[in-house]
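Before any comments, here is the structure.
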Amino acid sequence: MKDHVENFYSHLKANRVGSAVHENEQIELMADQMADRVKKRGQMGGIGQVEREFALMKTARETSAQNWIALGQYFRLKQQPDRARASYQRVIDTYTNPTEQAYREQAARALKDLDIVSGSSSDPTR
């Protein structure tokens with residue numbers, strides 16, 4: 001996972017957004033695979049290994065949520081508000097576990113801040 005995180009930020013620094021997104025998708029895939037292993041091992045017993053896998057899964061999900069927020073910040077700096085909104089919205093839509101609430105809140109605040117900066121609204125009812 002560490003390599004994917006380093007690659008994510010290296011790609012962003014080099015303006016290779018597609019490659020950065022791919023790296024973050026790989027982190028999400030790792031989290032999904034760990035979740036599957038946790039479910040399978042949980043049914044078979046082996047609590048110690050399940051706890052380790054769960055901790056790794058949680059770390060991978062948190063890392064990928066942070067990366068989507070960083071991508072939104074990147075787009076904001078690059079004056080691409082629609083892409084920034086999409087990145088922040090992805091966090092809100094994808095990271096729905098109760099333990100991930102802080103990331104959803106951070107993304108929601110970033111959306112509001114983006115509206116202040118860009119003078120538009122992400123709220124379709126306005």
Exercise. Cross-chain or 8 or more residues apart, Cα under 17 Å: how many lysine pairs in the chain fit that? Count them up, please.
Key: 5
Quiz item: How big is the Cα convex hull of segment 2-118 in projection, averaged over all directions, in nm²?
Solution: 7.3 nm²
Quiz item: Is any helix in the chain, taking whole DSSP H runs, at least 27 angstrom long along its axis by alpha carbon and on average at least 1.6 on the Kyte-Doolittle scale, and which ones?
Solution: none
Quiz prompt | Percent RCO, i.e. relative contact order, over segment 2-118, from Cα pairs under 8 Å lying at least 6 residues apart | solution = 18 percent
Quiz item: Where nothing but the Cβ of Lys and Arg (+1) and of Asp and Glu (-1) is charged, how large is the charge dipole of the chain around its Cα centre, in debye to the nearest 20?
Solution: 80 debye
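Every number in this text was worked out from the coordinates using simple rules, so none of it is lab data. Predicted model only: the values in this text are computed from it and were never measured. Here the Cβ is made from the backbone with ideal geometry for all residues, glycine too, and neighbour counts use every protein chain on show.
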